[in-house]
Amino acid sequence: MSSLPDFTKSWQATLQWQPTPEQQTLFQQLFQAILMGNQQMNLTRITEPTEFWEKHLWDALSGLAPWLSLESPPDWLPSQLSLRAIDIGTGAGIPGFPAAIALPDWHITLLDATQKKVRFLQELAQTISLNQVKAIADRAEFLAHQPSHREQYDVAMLRAVGSAATCAEYALPLLKLGGIAILYRGQWSDEDSQQLDRVAARLGGQLVDVRSWQTPITQGMRHCLYLQKQRITSEDFPRAAGIPAKTPLTA
Ligand code: SAM
């Protein structure tokens, strides 16, 4: 089976962080397990080792850079080390598994609507002993109305799950006050930011940071948007299953 190249220097140069040997082993195990899982179900089309490193591992952790290198933390960063995080629409466990490997103090819930994927994620977490990870099969629209999940998370991550407005509607009800939603996007403009900020305001949030990067190998453009929960979200949100994606909120 193919293995991931050693990208220690690239991690350090781009994110001012580098994995320990144990974390490198876990990345490797994650890669192998996802390749195996791909034979049973459609988890990812990214299977070449370098591409997997850049488009899954590096991309996932680029959004977590504010937590990885704490030299000059932004003022919106939650102050505790041990955070409760949720990866909404996690698919093959990205960005949640890389986050769990890089930030072992975090307690991470992987959420996906597809039962089969969630069974795979649960087994994978057990196999590689990521005991602080659990996986739940549900839709964000339902989970966010359950008292044991609503307003319970410090961090929500969403990558490739829908429009930015849809992601904001899934994430903000799940966050505690002061919690941060990280929305992974490709292209992004100031106009997009203005619209998203107005949508976030309807949900009790504010767009507090937008960071842009080029991926280190193929120089793809990436943006990460950071929404902070500032007020309790109305019980009207998220709307019924399917509605946030079909009719995203507008300003
Ligand atoms: N986040 C992963 C990544 O970046 O590779 C997977 C992205 S995949 C394109 C989108 C995933 O979101 C699918 O696995 C789908 O089942 C899940 N999903 C879509 N809408 C959802 C919802 N409302 N609640 C929970 N999961 C959802």
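The values are calculated or read from the model by the stated rules, or taken from the named source; none is laboratory data. Just so it is clear, the structure is predicted and the values come from calculations on it, not from any experiment. Glycine gets a Cβ as well: all are built from the backbone with ideal geometry, and neighbour counts include every protein chain shown. Surface areas here come from the heavy atoms of the whole protein model, side chains and all, with no ligands, DNA or RNA. Shrake-Rupley method; radii C 1.70, N 1.55, O 1.52, S 1.80 Å.
Candidates in the stretch 68-120 are the residues that are modelled with pLDDT of 95 or more and of a type in the set (D, E, K, R); of these, the one that is least open to solvent (accessible area, probe 1.4 Å) is D87. No other residue among L81, L57, L43 is more than 11 Å from the ligand (Cβ to nearest atom), within 29 Å of Q214 (Cβ to Cβ) and hydrophobic (A, V, I, L, M, F, W, C) apart from L57.
Residues that are part of a strand (DSSP E or B) and closer than 22 Å to A13 by Cβ do not occur anywhere in the stretch 225-248.
Scanning the stretch 134-163 for residues that are part of a strand (DSSP E or B) and more than 13 Å from the ligand (Cβ to nearest atom) yields a count of 4.
Can you tell me how many residues in the stretch 174-206 are open to solvent by less than 10 Å² (accessible area, probe 1.4 Å) and under 16 Å from the mean Cα position of the chain (by Cα)? First the steps, then the outcome.
Initially, the stretch 174-206 is screened for residues open to solvent by less than 10 Å² (accessible area, probe 1.4 Å), giving 174-175, 179-183, 196, 199-200, 203-205.
Still in the list and also under 16 Å from the mean Cα position of the chain (by Cα): 174-175, 179-183.
Adding up the residues that qualify gives 7.
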